[in-house]
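The structure appears below as structure tokens.
Where a number appears in this text, it was derived from the coordinates with a stated rule and is not lab data. This is a predicted model, so every value here is computed, not measured. All Cβ positions, even for glycine, are placed from backbone atoms using ideal geometry, and neighbour counts span all protein chains on display.
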Amino acid sequence: MRNVGFQPAEPLTIWTVTDGRAGIENQALGLAEAIARRVPARVVKKRVRLRTPFSWLPSGFVPMARQALAINSDPIAPPWPDIWIGCGRASIPLSMGVRQWSDRTAFVVQLQDPRVNPREFDVVVPPVHDGLEGANVLPIVGACHRVTPEVLGEALDDYPQPLEDLAGPRFAILIGGKSKRQDISAKRARDIADSLALVQRETGGSLMATLSRRTGEAARIQFRTRLAPHCAVYYEGDGLNPYSAMLAVADHIFVTADSVSMATEAAATGKPVHILDVDGSTGKLERFHKSLIRRGCARGFHGRLETWTYPPLLETDRVAAAVLTAWQARAGAK
């Protein structure tokens, strides 16, 4: 899909600047790739890490940010990109500095709430449930991501097992684990496993489950013994992760309530998203889930399977269009 109203004379250079963790980097890459679907662009991944003691400081108070980089970081030096997309704590002092280093030629987008004044960046893209506001703040439901029909189709083609041949309905089960305020206990894992096994027995469909690196060992044991025997696909970390291929063929998607990214990616498919309760405080995540429910994307799962339809949640595309519009407006003003 191209933005026919605007085509730069030369391909844009876009940097994604993160600490390289998959969940953080994929948000920045998702936005960069969405921009590149609209205009010619070259995407460059930059992975950075602050060395101690700079990594101990609040993100907004790191002096000489480029000199604070660890030796295994990618270089942050000219020529500067047209669009800079930062995500995660390690990127923040660099995102704050690059406008000055580049004489404001780099258009700086910071994903998530940077917990410093949004005016330090050109655009800030936090999740709406964080409640951040400002003239240059663009709140979104969930998080930016890389899930598109094309990506899912390629993943399905590359997966060695023909998942589309599994008996329907097909159920993708995305299991997270420990986060700052939440976790999946052995008892919770047992309850989730038993409820999903019942869905399989009642529908005659196929369960496809993937566990996160965050899934604790006690929960893994329960899922391994009580859920895996009922699954046509069960992934704990060895071999090719079926995550995207599962999303491609699923008729329903189950997501544990600890992960914003997994629920957002699931909602991008337009398929019913069932939220599975976990242990711990819901806090801001409750506001996130309510926003998905209000938009018709998701419902809480309490043992009864429901079917419904809704337009896919395409927040990453919305952000890409807004960033390009803002970049063009500034470029045209120079």
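Quick rundown of the values:
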{"item": "Table column - 3J(HN,Hα) (Hz), region 147-153, Karplus curve with 6.51, -1.76, 1.60, x for Gly and Pro", "result": "6, 9, x, 5, 4, 5, x"}
{"item": "Over region 149-300, volume per residue of the alpha carbon convex hull, in Å³", "result": "100"}
{"item": "On Cα atoms only, tilt of 22-36 relative to the major axis of the chain in degrees", "result": "60"}
{"item": "Spin-label pair Lys187/Arg299, simplified geometry with 7 Å Cα→Cβ offset, distance in nm", "result": "2.8"}
{"item": "Helix-only [θ]222 nm of the chain, DSSP H runs n ≥ 4, -39500 (n - 2.57) each, per residue, nearest 500", "result": "-9500 deg cm²/dmol"}
{"item": "Descending Cα extents along the principal axes, region 215-334, whole Å", "result": "63, 34, 29"}
{"item": "GNM flexibility winner over the chain from Asp74, Asp277, Asp19 (Cα, springs under 10 Å)", "result": "Asp74"}
{"item": "Viscosity 1.306 mPa s, temperature 10 °C, Stokes-Einstein D of region 214-273 from Kirkwood C-alpha radius, µm²/s", "result": "124"}
{"item": "Charge dipole magnitude, Cβ of K and R +1, D and E -1 - the chain, Cα centre, debye nearest 20", "result": "900"}
{"item": "Rg/Rg_ref, the chain, where Rg_ref = 2.2 N^0.38 Å and atoms are Cα", "result": "1.04"}
{"item": "Whole-angstrom gap from region 264-334 to region 79-152, using each part's C-alpha centre", "result": "18"}
{"item": "Positive dipole terminus of region 149-300, leading residue within Gly237, Leu285, Val249 (C-beta point charges)", "result": "Leu285"}
{"item": "Calculated Rg and Dmax of region 30-163 using C-alpha coordinates, Å", "result": "16.8, 53"}
{"item": "Dipole-positive endmost among Leu166, Leu198, Ile184 within region 128-235 (Cβ charges, Cα centre)", "result": "Ile184"}
{"item": "Estimated inter-spin distance, Val128 and Gln161, nm [label 7 Å along Cα→Cβ]", "result": "3.6"}
{"item": "Computed E for Arg119/Ile71 - FRET, C-beta separation, R0 35 angstrom, nearest 0.05", "result": "0.60"}
{"item": "Net charge over other residues, Cβ less than 11 angstrom from the Cβ of Val141 (K, R count +1; D, E count -1)", "result": "+4"}
{"item": "Cβ-based net charge around Ala228, under 12 Å, with every Lys or Arg adding one and every Asp or Glu removing one", "result": "+2"}
{"item": "Cross-link reach list, lysines versus Lys180, counting only Cα pairs under 22 Å and skipping chain neighbours closer than eight places", "result": "Lys284, Lys290"}
{"item": "About the Cα centre, charge dipole magnitude for region 184-334 (Lys/Arg +1, Asp/Glu -1 at Cβ), debye", "result": "460"}
{"item": "In nm, spacing of pseudo-spin labels at Glu202 and Glu154 (7 Å Cα→C-beta vector)", "result": "3.8"}
{"item": "Selection from Thr225, Ala65, Thr13 lying farthest towards where the dipole of the chain points positive, charges on Cβ", "result": "Ala65"}
{"item": "Extent along principal axes [Cα atoms of region 268-334; Å; largest to smallest]", "result": "58, 29, 14"}
